[in-house]
Amino acid sequence: YMIMPLAYGSDTGRRMAATDAVVPLKASPERPQIEMTATLGRGDSFARVLKRAGVGGDDAARVEELVGFAMDSDAIQPGTRIDMVLGRRTSRTQPRPLESLAFRARFDLNLAVERIDGALTLKRDPIKVDDTPLRVRGTVGGSLYRAARAAGAPAEAVQTFLKVIDQQMRVGAIRASDEFDLILDYRRAETGEVEVGDLRYAGITR
C-alpha cells in the first residue's frame, strides 16, 4: 500500500497483529552449515584449534593425523589461518561434524581436508615457487640506504648490507658516484606471495 520514507524505516505495507495461527517455536532453527576461520597459535595443535571451534574430538584427531601424514605439523607457522566449514549436527548436545578445512601449510603447499562419503580425506595442492635470487643494483647518490630501498631492496636486507660493508670500509667514505650491488635469496609463489631470504652477496663498485 505504501513505502515509508527512509527516516521512518522504509516500511512497506501495513503491520498486522499476531493471530491465533501464530505458534511460538520451542527452539530457534540451526543453520545447516557454519563457515568460520580459526588461527593456529604458538604451541597450539590442530586438535585444540578445532575443538575450540566446536569440532568433535574424533574429527579433530583425524585431521591432526591426516596433516601429520603430509608434513610435520610443528613446521606450520603460528598465525596460520584455517578456513573450515562445519555441517549439521544430529542434536544440540552433539558437536558439529567437520565438512571441509583448508589452509596454507607451507609457502609451496596448500592442504585441504574434505568429507567424502562420510570419511575425511586429505588433498595436497602444491604451489609452484620460483627460487631465482633477487639482484639489486644502483648508484648510491645522496644516501645508500634510500637508494637501495628505492631500487627494491627490503629494509632488513639493506641494514645487513650496511653492516657487511662497514666491516671493510667506512660507510661515510662511500661516494655518491659509487654503485651498490646486493643479491638476496628470493622466493615468489605462483599465487603472488613473496618471501625474502638472507643476503648472499654485498658489494660496492668505486
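Of note:
- Mean Cα-pair separation over length for the chain, i.e. relative contact order, pairs under 8 Å, 6 or more apart, %: 13 percent
- Trypsin sites (Lys or Arg not before Pro) within region 1-110: DSSP coil, no more than 11 neighbouring Cβ in 10 Å: 14, 15, 26, 42, 92
- Solvent exposure of the chain as accessible area per residue, Å², 1.4 Å probe: 67 Å²
- The dipole here belongs to region 1-70: it is taken about the Cα centre, uses +1 on the Cβ of Lys and Arg and -1 on the Cβ of Asp and Glu, and is about 240 debye.
- Between the Cα long axis of helix 57-70 and the first principal axis of the chain there is an angle of about 30°, rounded to the nearest 10.
- Neighbour cut-off at most 16 other Cβ (10 Å), DSSP loop, GluC sites (Glu not before Pro), region 146-204: 190, 193
- Estimated translational D of the chain in µm²/s (Stokes, Kirkwood radius over Cα pairs; 10 °C; 1.306 mPa s): 70 µm²/s
- Estimated [θ] at 222 nm from DSSP helical runs (n ≥ 4, -39500 (n - 2.57)) normalised by residues in the chain, nearest 500: -6000 deg cm²/dmol
- Ratio of Rg to Rh for region 1-67: 1.35 [Cα atoms; Kirkwood radius as inverse mean 1/r over pairs].
The values are calculated or read from the model by the stated rules, or taken from the named source; none is laboratory data. These numbers come from a predicted model, not from an experiment. Quick reminder, even Gly has a Cβ in these numbers, built from the backbone with ideal geometry, and neighbours come from all protein chains shown. Surface areas here come from the heavy atoms of the whole protein model, side chains and all, with no ligands, DNA or RNA. Shrake-Rupley method; radii C 1.70, N 1.55, O 1.52, S 1.80 Å.
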